[in-house]
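Worksheet for the structure shown next.
The values are calculated or read from the model by the stated rules, or taken from the named source; none is laboratory data. This structure is a prediction, so every number in the text was calculated from the model and none was measured. Note that each Cβ is placed from the backbone with ideal geometry, even for glycine, and that neighbours are counted across all protein chains shown.
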Amino acid sequence: MPRNYKKEYEKFHKNPKAKKKRATLNKIRRKKKIYGKGGKDVSHMADGSVIMEDPSKNRGNGTRTIGDRNSRGPKLNKRKR
């Protein structure tokens, strides 16, 4: 079954919480003058702080935030840790 991008957008990316989180991270990247130039991502930590993190580690890590686990779906959440 192909990926349903529209449904995914409606479920997570359109959510006001997700928009606020994305805007905060973009604001930090603009402040550091690295927005739109590649490089490291700004990543939220569980305690509310933010860190600069390699994109390959940050995207879909599934260990720190509930949003990562929700976006992967139940099948992929059952992996061994």
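A few remarks follow.
Conditions (1) part of a loop (DSSP other than H, G, I, E, B); (2) at pLDDT 85 or above, marked per residue:
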{"position": "LYS19", "(1), (2)": "no, yes"}
{"position": "ALA23", "(1), (2)": "no, yes"}
{"position": "GLY36", "(1), (2)": "yes, no"}
{"position": "GLY48", "(1), (2)": "yes, no"}
{"position": "ARG64", "(1), (2)": "yes, no"}
{"position": "SER71", "(1), (2)": "no, no"}
{"position": "LYS80", "(1), (2)": "yes, no"}
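- Cβ separations smaller than 8 Å between residues 6+ apart or across chains give the following pairs from the stretch 4-24 residues that are surrounded by 13 or more Cβ atoms within 10 Å (Cβ to Cβ) to residues that are modelled with pLDDT of 85 or more and part of a helix (DSSP H, G or I): PHE12/ALA18.
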